[in-house]
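Here the structure is laid out as structure tokens; the discussion comes afterwards.
What follows is calculated from the coordinates using simple rules that are stated; it is not laboratory data. These numbers come from a predicted model, not from an experiment. Please note: Cβ atoms are built from the backbone with ideal geometry, for glycine as well, and neighbour counts cover all protein chains shown.
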Number of protein chains: 2
Amino acid sequence: MDTTLEPAAPLTDTELARLDAYWRAANYLTVGQIYLLDNPLLREPLRPEHVKPRLLGHWGTSPGLNLIYAHLNRVVKARDLNAIYITGPGHGGPAIVANTWLEGTYSELHPSVSRDEAGMARLFRQFSFPGGIPSHVAPEVPGSIHEGGELGYSLMHAYGAAFDNPDLLVACVIGDGEAETGPLQGSWQSNVFNNPARDGAVLPILHLNGYKIANPTVLDRIPRDDLLTLLRGYGYRPYLVEGDEIGPVHQGLAGAFERALDEIAAIQRHARTTGDVSRPRWPVIVMRTPKGWTGPKKVDGVPVEGTFHAHQVPLHNVRRNSEHLRQLEAWLRSYQPEELFDATGAPVADVAALPPEGERRMSANPHANGGSVLRDLVLPDYRGYGVDVLRPGDPHSEATRVLGRWLRDVIRANPDRFRLFGPDEVESNRLNATFEATDRAFLAARREDDEHLGVDGRVVEVLSEHLCQGWLEGYLLTGRHGIFTSYEAFIHIVDSMVNQHAKWLKVTRGIPWRRPIASLNYLLSSHVWRQDHNGFSHQDPGFIDHVVNKKAEVVRVYLPPDANTLLCTMDHCLRSRHYINVVIAGKQPGPSWLGVEEAALHCRRGLGIWQWASNDEGVVPDVVLACAGDVPTMETLAAADLLRRHLPDLRVRVVNVVDLMRLQPESEHPHGLSDRQFDTVFTTDKPIVFAYHGYPMLIHRLTYRRTNHGNLHVRGYKEEGTTTTPFDMVMLNDLDRFHLVIDVIDRVPGLRTRAAHLRQTMVDERERCRDYTRRHGEDAPDIADWRWQPEAETNP
Amino acid sequence: MDTTLEPAAPLTDTELARLDAYWRAANYLTVGQIYLLDNPLLREPLRPEHVKPRLLGHWGTSPGLNLIYAHLNRVVKARDLNAIYITGPGHGGPAIVANTWLEGTYSELHPSVSRDEAGMARLFRQFSFPGGIPSHVAPEVPGSIHEGGELGYSLMHAYGAAFDNPDLLVACVIGDGEAETGPLQGSWQSNVFNNPARDGAVLPILHLNGYKIANPTVLDRIPRDDLLTLLRGYGYRPYLVEGDEIGPVHQGLAGAFERALDEIAAIQRHARTTGDVSRPRWPVIVMRTPKGWTGPKKVDGVPVEGTFHAHQVPLHNVRRNSEHLRQLEAWLRSYQPEELFDATGAPVADVAALPPEGERRMSANPHANGGSVLRDLVLPDYRGYGVDVLRPGDPHSEATRVLGRWLRDVIRANPDRFRLFGPDEVESNRLNATFEATDRAFLAARREDDEHLGVDGRVVEVLSEHLCQGWLEGYLLTGRHGIFTSYEAFIHIVDSMVNQHAKWLKVTRGIPWRRPIASLNYLLSSHVWRQDHNGFSHQDPGFIDHVVNKKAEVVRVYLPPDANTLLCTMDHCLRSRHYINVVIAGKQPGPSWLGVEEAALHCRRGLGIWQWASNDEGVVPDVVLACAGDVPTMETLAAADLLRRHLPDLRVRVVNVVDLMRLQPESEHPHGLSDRQFDTVFTTDKPIVFAYHGYPMLIHRLTYRRTNHGNLHVRGYKEEGTTTTPFDMVMLNDLDRFHLVIDVIDRVPGLRTRAAHLRQTMVDERERCRDYTRRHGEDAPDIADWRWQPEAETNP
Ligand SMILES: Cc1ncc(C[n+]2csc(CCOP(=O)(O)OP(=O)(O)O)c2C)c(N)n1
Ligand SMILES: Cc1ncc(C[n+]2csc(CCOP(=O)(O)OP(=O)(O)O)c2C)c(N)n1
Ligand SMILES: [Mg+2]
Ligand SMILES: [Mg+2]
């Protein structure tokens, strides 16, 4: 065995035997789950009907996962550690389930899957079986905060779990295939953000079994020195354990764990006693062992153990091929189950005694059931932070800047359970006030002239949307709270991660022992309409469409039109549980429409008629001007203003939508308005001109069942843009005030003839404004300085 | 100056002076673009009205980009290299534009932006100006294949461009902020897939200016040794050039380029002459210079040069603040424009002579305008690869396996311009036949028992969807062809990259000198309905919804229902240009419905009535059963079968949709059916029960303007799933044959009373089938073995 450790043999023979027995038991239970329907303890010779008809699961990764689990059990118990286990190759579900059963946790949660022969039979049968449990380390698996289905996020989840959990050890197994993904490679640098004094420790264990599905892995095939150099470059101290002889590997691995945990303890002790929290060199373990170790060496003449052929189900035709059947039986018996399980089918005392007890069991650690350790945030009353609105539209304010002041005090009030994550956009999104209360966490070198950089930051910034998302997920899943703030367009970078989290939330809702966790909150700013410094590549409001495909019970989308509604929305989001809240808000100065109390009412309604902007009180409106989003709201009000001036007889109703899900039918979304309410607001037969923040199609999609859908006309982003002025941007997409007036004229029966002049003026106005931008490089003053005038002042 | 080079001084004074003059010229033109409306050569004192009212752009990155560009120009010319320049920090648009103007390319393409004073004025004015050009290295910038708006993809684009371009040098500037992203970190390993004999060289230049937007960067703040160690671990040989004194930096950088290019030449010579193509240690240059170098040192007392404050526009109030105005003028004059431009405003001879000429200019390199070097694929006639269909549904075949045989021959016929990229799923997606023609590219260690691994593979597999996407983009953008094959669910990993590529395609369509490139083709298999080994985390058909938000003229979505339609679809996609083609197809054995000639007709139509499955010929149908996707099609035909047997009077029309965009109105999508055609197929008033592969909402979204939309009832994936049997999966989502029959009964007027018995039977059938899976772990034999029976055999 080749290792960078001075090879010691820390284990006594008894210890080694016990570890090995436990490992064999876990392996046995893993193979049993993949293959057996019955005859769990092989009390009789294996017959085809004992075997599942469909063999589904992944063997290859499992013996390695089991080996690491066994060794962790030993040291966690010996050192009385508070540890959780993250399984990067989550397809090794049967391995982790096997361990939870050996630890007893599984049977505590599912009494029918008892720790005896009958329970073992159920354990085997249910795996990857209709009505049973999934093949992955899914939410159903106790102790898991990481399903590992979509590979790449284990290490970021681990760090997220460790933040602000000083006593926690997060052991994180990373597949060598998984290690090829961008997100995983980007995760190594997380150690720059982990504070040895106030955060917990992450112990990465790179599982170098040499293969992914059908290919060798890069990290296994580059020179060994390069691999170790790479990890050193990332700031770690690697310990390599490699071999295919179990005795030496047990010794090597035990030695590596001892060393690594000693170092972690020393690092933490040093930081916590001396106050010197400069970035330490954390250990990482590299374990190079054969894929599918202890499985069939060859099948049908093809080498399997130690090759990619071990990835899924090495013997695939057991029911029909008697040689496969024989090999399966031999394989199972090679673990000597009779030594591992007693007459009742329970693990023998020696095996059962390896893992720690109670909540020290990794599968029973409360941190892995985040809701169970969740404490509410202390939230200052947001009303105290609102903008004083003198009259609608006055003053102008930067919504995110106003929010920043409240967030500053949220941070102050919750120094140990709230973080703000972002890809270097907290300042650019104008949440600067937060830096009055905290720094950005940064453990690498700092300089005197650095601003707001410290070892203790509640703000965590790295130019990686993946890390922001993954850290926050890990943080939430272990019972804390947070916000991810990003440019709107680039949040698509984490689309697939959001999918996985939404799926996690959906499934955990149905698992009684999983407690609700805090919501995943997005604050998306620098949105599509105000990408002043950038251009087309920065314009994409499609994240809303993406999340809306997920289960209605976990998704919420808010488009607060101004500062006070943003405050109120965020307060609501930070109180909510088990949702994905998407909040989109501007950072540029814009009109404040509603006082803070009105804002609260409006947000509670989710959508509402803005009476002060409408003139249809007591009568039937001729047209409904609806809007959602800050820029569309301003254009809508400007359009209402134009209509009021030029067509004073026209009865206009202005409706603003904050909570987009209100538009859906009740039957589709818990926030959905009843048809009756919807019809009351939007009428059943009047034209609706809807100015929407994102891709117009979504509004149709949400409302296509509503009575008045046929009269709905939506303006939004139609994928036109470049680096230009704000008003040019809305014009490029026909969302501007003039075009909205044209839309009204074109749609209100009878108006076309009567308002032909106005229509033509509107066309000319667009030309004039366009032309102005081309000449002067900015918006015409009447546009840039437009303010809402109360009606009295309009029609004196 | 500290560097790992033995510091030499390769430049003569004249060379250094010329380089520096060029650099100053580029910097001057950069600042001019950001600030000036007029007075481009500062012939008169700078006045507020010479300055743009909105100052938009990014200065910080620009001097570094210019410096690298200048040095590259020198060596490209000296060595007569065939080189392109990729700008990771694409927000440095004005820098690259400045260089293209100095090279003359810009004026050749835009004669009004001539290389004289008037042209310079236009160059300045148009930048980030309404009606002008974007602030990024967007498609409008000659020589760019990489906009760099969304950070992280420069290095993968570079490698993609280098593949199969043995003579090309791809210089790739990577921002140190960009280098924090997961995709970028995952890109370093690309050297494992780059063959020094048959691929070109990538020269990464890590631009360590220390900052991103408002934070220092990780790579700048970790110990210098760690950084170099990291790059060595990734298999590179790093050359570090650092300093803030321009003379030594010029010398150091020139030395680094000489060394790096010598090494590249030696590596290539060695591989190409000896045939030894083991993985070399490619050079990488690390350039550590101040952010915003040569810009204002301090503004309003705050340090700017060398800090993050230099990121955007250092002097932001020039029109109103006279001190800012003064500083701007001093800044501009510090470059000594009078030495750099002649009386006409053209670059002086010395400056103009630095860059190479003609197509050697990086901005004029034809590889960076991929369409201009694109050669068609030689495509074998797919008809020769089709499945012989005896009668509809017979035989069963694995669609992707059939396709694999054709792809094998596409690979054979196009050994230098076609590649298949995938995250280790080519085999699992059953495209194995390709390995009869080629290997997988892999330059790290290989073993004897490795399968289909070689230095020359047309298949490129790495467990990184990001790399697959980025490589393919780089490959396509430089005029070649390819396919990305992935599991359907995980293609969301690259959602944001697809956005960027779609935007690139949209914009380049409008740029006359940009020639169309080959389409970006996705083959998504292991789709939502057949995730047998996995479960819920692997089930997501939402990528279709994602792409459909992009401009209609660049997006195509195909759902071939069987092997022959898949063949025909792929043939079409590989011939197409400038699209994003999403093809979703199964890998599991399934019925072959159409012979290859029928398949060709059906695909050409895009959707059509399957007459052999319908019984409404010559009469009005009672119901339309529509379907899209392989699994929904099978369930629909099974439902038609049930209806035929149990309700022989019912007139059923079966419609299959291959080309999803046909459903949209003509006005929305170029493939859209006219309303007349649509109404003919789908009727204007009969119930339509639509069995769809993905989220049902999309079908509503595509058809909400059609006459008969009110009668449309869609079944699809409603986010329910786990590890279970195929039929249980469709039942979980109410997409199964029995439920479709129920839907018909519920919707055809008058049927509910008449068919109450059948409806109840269908409910019972679902129970029976569900129950069977729970007992036996597989689908009931009548389901698993169901075959379509021609009508004659049904009603003898
Ligand atoms: C992002 C992503 N892409 C592709 C897959 C398909 N996949 C499942 S397992 C696997 C190989 C994993 O290899 P490794 O991480 O080494 O795990 P192990 O060898 O321990 O099974 C792949 C590619 C996936 N699960 N996630
Ligand atoms: C994926 C992504 N996230 C966030 C941004 C916003 N952003 C624009 S520039 C920038 C900083 C870039 O820093 P660096 O790569 O070092 O470039 P440079 O310092 O040369 O400007 C950021 C975070 C982006 N463009 N892309
Ligand atoms: Mg592996
Ligand atoms: Mg930088």
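I'm checking my understanding of the structure. Among residues of region B:409-446 that are within 16 Å of ligand 3 (Cβ to nearest atom) and touching a residue at least 40 places away in the same chain (Cβ under 8 Å), which one is nearest to the other protein chains (Cβ to nearest Cβ)?
My answer is B:Ala444.
From the list A:Ser144, A:Ser114, which one is over 19 Å from A:Pro347 (Cα atoms), in a loop (DSSP other than H, G, I, E, B) and of a type in the set (Ser, Thr, Tyr)?
Checking each option against the conditions leaves just A:Ser144.
Show me the strands (runs of 3 or more DSSP E) entirely contained within region B:412-512 in which 3 or more residues are of a type outside the set (D, E, K, R).
On the way: elements: B:418-422, B:459-461, B:481-487.
Qualifying strands (runs of 3 or more DSSP E): B:418-422, B:481-487.
Give just the number: which of (1) more than 7 Å from chain B (Cβ to nearest Cβ); (2) in a helix (DSSP H, G or I) does A:Pro560 not satisfy?
Result: A:Pro560 fails condition (2) only.
Run down A:Arg272, A:Arg281, A:Arg259 and say which single residue is within 14 Å of chain B (Cβ to nearest Cβ), surrounded by fewer than 23 Cβ atoms within 10 Å (Cβ to Cβ) and more than 16 Å from ligand 4 (Cβ to nearest atom).
The conditions single out A:Arg281.
Table: residues versus (1) in contact (Cβ under 8 Å) with a residue 24 or more places away in the chain; (2) over 26 Å from B:Val249 (Cα atoms); (3) crowded, with 23+ Cβ neighbours inside 10 Å.
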position: B:Ala9; (1), (2), (3): yes, no, no
position: B:Asp13; (1), (2), (3): no, no, no
position: B:Leu16; (1), (2), (3): yes, no, no
position: B:Ile34; (1), (2), (3): yes, no, yes
position: B:Leu67; (1), (2), (3): yes, no, yes
position: B:Asn73; (1), (2), (3): yes, no, yes
position: B:Ile86; (1), (2), (3): yes, no, yes
position: B:Pro89; (1), (2), (3): yes, no, yes
position: B:Asn99; (1), (2), (3): yes, no, yes
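Please enumerate the residues belonging to region A:655-692 that are within 23 Å of A:Gly750 (Cα to Cα), touching an Asp or Glu at 6+ places or on another chain (Cβ under 9 Å) and not in a loop (DSSP other than H, G, I, E, B).
Residues satisfying the conditions are A:Val689, A:Ala691.
Give B:Ser486, B:Ser526 a once-over and let me know the one that is crowded, with 24+ Cβ neighbours inside 10 Å, within 14 Å of ligand 1 (Cβ to nearest atom) and on the phi > 0 side of the Ramachandran plot.
None of the other options fit; the residue is B:Ser526.
Go through region B:632-649 and give me each residue that's under 26 Å from B:Leu559 (Cα atoms), acidic (Asp, Glu) and out of contact with any strand residue (DSSP E or B) (no Cβ under 7 Å at 6 or more places or on another chain).
Correct list: B:Asp641 only.
Run A:Thr753 past the list (1) more than 10 Å from chain B (Cβ to nearest Cβ); (2) under 43 Å from the mean Cα position of the chain (by Cα); (3) among the hydroxyl-bearing types (Ser, Thr, Tyr) and report the number of the one that doesn't hold.
(2)
Pick out the one residue from B:Val741, B:Val681 that is among the aliphatic types (A, V, I, L, M), in contact with a helix residue (DSSP H, G or I) (Cβ under 9 Å, 6 or more places away or on another chain) and surrounded by 15 or more Cβ atoms within 10 Å (Cβ to Cβ). Before you say what the answer is, go through the steps one by one.
Working: B:Val681 fails: in contact with a helix residue (DSSP H, G or I) (Cβ under 9 Å, 6 or more places away or on another chain).
It is B:Val741.
For region B:207-226, how many residues are within 9 Å of ligand 2 (Cβ to nearest atom), at the interface with chain A (Cβ under 7 Å from one of its Cβ atoms), out of contact with any Phe, Trp or Tyr (no Cβ under 6 Å at 6 or more places or on another chain) and of a type in the set (A, V, I, L, M)?
The qualifying residues number 1.
Conditions (1) within 14 Å of ligand 1 (Cβ to nearest atom); (2) surrounded by 24 or more Cβ atoms within 10 Å (Cβ to Cβ); (3) farther than 23 Å from B:Asn414 by Cβ; (4) not aromatic (Phe, Trp, Tyr), marked per residue:
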site: B:Leu453; (1), (2), (3), (4): no, no, no, yes
site: B:Cys468; (1), (2), (3), (4): yes, yes, no, yes
site: B:Leu472; (1), (2), (3), (4): no, yes, no, yes
site: B:Tyr475; (1), (2), (3), (4): no, yes, no, no
site: B:Val498; (1), (2), (3), (4): no, yes, yes, yes
site: B:Pro516; (1), (2), (3), (4): no, no, no, yes
site: B:Asn521; (1), (2), (3), (4): no, yes, no, yes
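Being more than 29 Å from the chain's Cα centre (by Cα) and hydroxyl-bearing (Ser, Thr, Tyr) is the filter; apply it to region B:108-129 and report the residue that is farthest from the other protein chains (Cβ to nearest Cβ).
B:Ser114
Looking at region A:447-463 only, could you name the residues that are at the interface with chain B (Cβ under 8 Å from one of its Cβ atoms) and of a type in the set (A, V, I, L, M)?
Correct list: A:Leu453, A:Val462, A:Leu463.
If you go through region A:101-108 one residue at a time, do you hit one that is among the hydroxyl-bearing types (Ser, Thr, Tyr), surrounded by 21 or more Cβ atoms within 10 Å (Cβ to Cβ) and part of a loop (DSSP other than H, G, I, E, B)?
No, because not a single residue in region A:101-108 is among the hydroxyl-bearing types (Ser, Thr, Tyr), surrounded by 21 or more Cβ atoms within 10 Å (Cβ to Cβ) and part of a loop (DSSP other than H, G, I, E, B).
Residues to consider are B:Arg319, B:Arg326, B:Arg419; find the one that is basic (Lys, Arg) and in contact with a Gly (Cβ under 7 Å, 6 or more places away or on another chain).
Values: B:Arg319 fails: in contact with a Gly (Cβ under 7 Å, 6 or more places away or on another chain); B:Arg326 fails: in contact with a Gly (Cβ under 7 Å, 6 or more places away or on another chain).
Among B:Arg319, B:Arg326, B:Arg419, only B:Arg419 is basic (Lys, Arg) and in contact with a Gly (Cβ under 7 Å, 6 or more places away or on another chain).
Which of the residues that make up region B:507-543 are among the β-branched types (Val, Ile, Thr) and within 26 Å of B:Thr478 (Cα to Cα)?
Within region B:507-543, B:Val507, B:Thr508, B:Ile511, B:Ile517 qualify.
Given the options B:Asp394, B:Asp409, name the one that is touching a strand residue (DSSP E or B) at 6+ places or on another chain (Cβ under 8 Å), of a type in the set (Asp, Glu) and either farther than 17 Å from B:Ser519 by Cα or surrounded by fewer than 16 Cβ atoms within 10 Å (Cβ to Cβ) (or both).
B:Asp394
How many residues are closer than 22 Å to B:Arg224 by Cβ and touching a residue at least 24 places away in the same chain (Cβ under 8 Å) if we restrict to region B:164-186?
Going through region B:164-186 one residue at a time, the tally reaches 11.
Could you list, in sequence order, the residues of region A:227-237 that are at the interface with chain B (Cβ under 7 Å from one of its Cβ atoms) and of a type in the set (Lys, Arg)?
Result: A:Arg232, single match.
Looking at B:Ala83, is it more than 14 Å from every other protein chain (Cβ to nearest Cβ) and under 27 Å from the mean Cα position of the chain (by Cα)?
The answer is yes for B:Ala83.
What residue, of B:Gly64, B:Gly132, B:Gly60, is within 16 Å of ligand 4 (Cβ to nearest atom), within 14 Å of chain A (Cβ to nearest Cβ) and more than 18 Å from the chain's Cα centre (by Cα)?
The conditions single out B:Gly60.
If we scan region A:520-527, do we find a residue that is in contact with a Phe, Trp or Tyr (Cβ under 6 Å, 6 or more places away or on another chain) and within 13 Å of ligand 2 (Cβ to nearest atom)?
Looking through region A:520-527, at least one residue is in contact with a Phe, Trp or Tyr (Cβ under 6 Å, 6 or more places away or on another chain) and within 13 Å of ligand 2 (Cβ to nearest atom).
If the requirement is being outside any helix (DSSP H, G or I) and either surrounded by fewer than 21 Cβ atoms within 10 Å (Cβ to Cβ) or in contact (Cβ under 8 Å) with a residue 60 or more places away in the chain (or both), which of these qualifies: B:Val351, B:Val389? Let's see the steps before the verdict.
Numbers: B:Val351 fails: outside any helix (DSSP H, G or I).
Criteria check complete, one pass: B:Val389.
If you scan region A:655-689, which residues turn out to be in contact (Cβ under 8 Å) with a residue 60 or more places away in the chain and basic (Lys, Arg)?
Of everything in region A:655-689, just one residue is in contact (Cβ under 8 Å) with a residue 60 or more places away in the chain and basic (Lys, Arg), namely A:Lys686.
Taking region B:170-186, which residues are more than 16 Å from ligand 1 (Cβ to nearest atom) and at the interface with chain A (Cβ under 10 Å from one of its Cβ atoms)?
B:Gly175, B:Asp176, B:Gly177, B:Glu178, B:Ala179, B:Glu180, B:Thr181, B:Leu184
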